[in-house]
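Worksheet for the structure shown next.
Readers should treat all values here as calculations from the given coordinates under stated rules, not as data from a laboratory. This one's a predicted model, so the numbers in the text were calculated from it and none came from an experiment. Quick reminder, even Gly has a Cβ in these numbers, built from the backbone with ideal geometry, and neighbours come from all protein chains shown.
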Amino acid sequence: MRETGDAEAVKAEAAERSPIRSGLHGRLDAIRATRAGRLTLKIVIGALGGVLVVAGLIMVPFPGPGWAVVFAGLAVLALEFHWAHRLLEFGKRTLSAWMVWLGRQHLAVKGLVILVAAATATAIVYFGVKLSFGVDLVLEAQKLLIR
């Protein structure tokens, strides 16, 4: 019978029992070997992944890496939560299907998709700046052009 404070020995033993899993997954298995490690890992992974998903969702409407950050957050969550793994796989399948569909379309449809995406991003930035800072970018641009 082991003493309660023998967590390092339990982790090392768990890592030795799992020779196939090395690298990150081997380390995670070693952490999961104790009850406190499992709970701590769930909390840390949940918090980090949750922050990434929320930050990514906030960034989605703006030009930049919004969806990439959402997928990165789901990948972090998938390390510890099965539902996140399923959601990540669904997202990858949906993105792949969208890319295949877009690749089969005529050049005019591709151009229209790009135009709609650019118009949406422009409108989001315009209204974001106007509502956040009270600056009308169209009026500011007109002032610069009239000079």
Original post:
Where the only charges are on Cβ atoms (+1 Lys, Arg; -1 Asp, Glu), what is the dipole of the chain about its Cα centre, to the nearest 20 debye?
Top reply: 380 debye
**OP:** State the answer as a single residue: which of L144, L48, W67 lies farthest towards the positive end of the charge dipole of the chain, with beta carbon charges of +1 for Lys and Arg and -1 for Asp and Glu, about the Cα centre.
**Re:** L144
Original post:
Taking Cα atoms, how many degrees apart are the long axis of helix 137-146 and the longest axis of the chain, rounded to 10 and kept between 0 and 90?
Top reply: 40 degrees
**OP:** Could you list which residues have their amide H under 5 Å from that of E80, counting only those 5 or more apart in sequence or on another chain, with H placed in the peptide plane?
**Re:** none
Original post:
For the stretch 38-146, what does the equivalent ellipsoid look like in terms of its semi-axes, each the square root of 5 times an eigenvalue of the Cα gyration tensor, given largest first in whole Å?
Top reply: 35, 23, 7
Original post:
Which angle from 0 to 90°, rounded to the nearest 10, does the C-alpha axis of helix 7-17 make with the longest principal axis of the chain?
Top reply: 80 degrees
Subject >> Karplus-derived 3J(HN,Hα), 6.51/-1.76/1.60, for each residue of the stretch 118-128, Hz, glycine and proline x >> reply: 5, 5, 5, 4, 5, 5, 5, 5, 4, 6, x
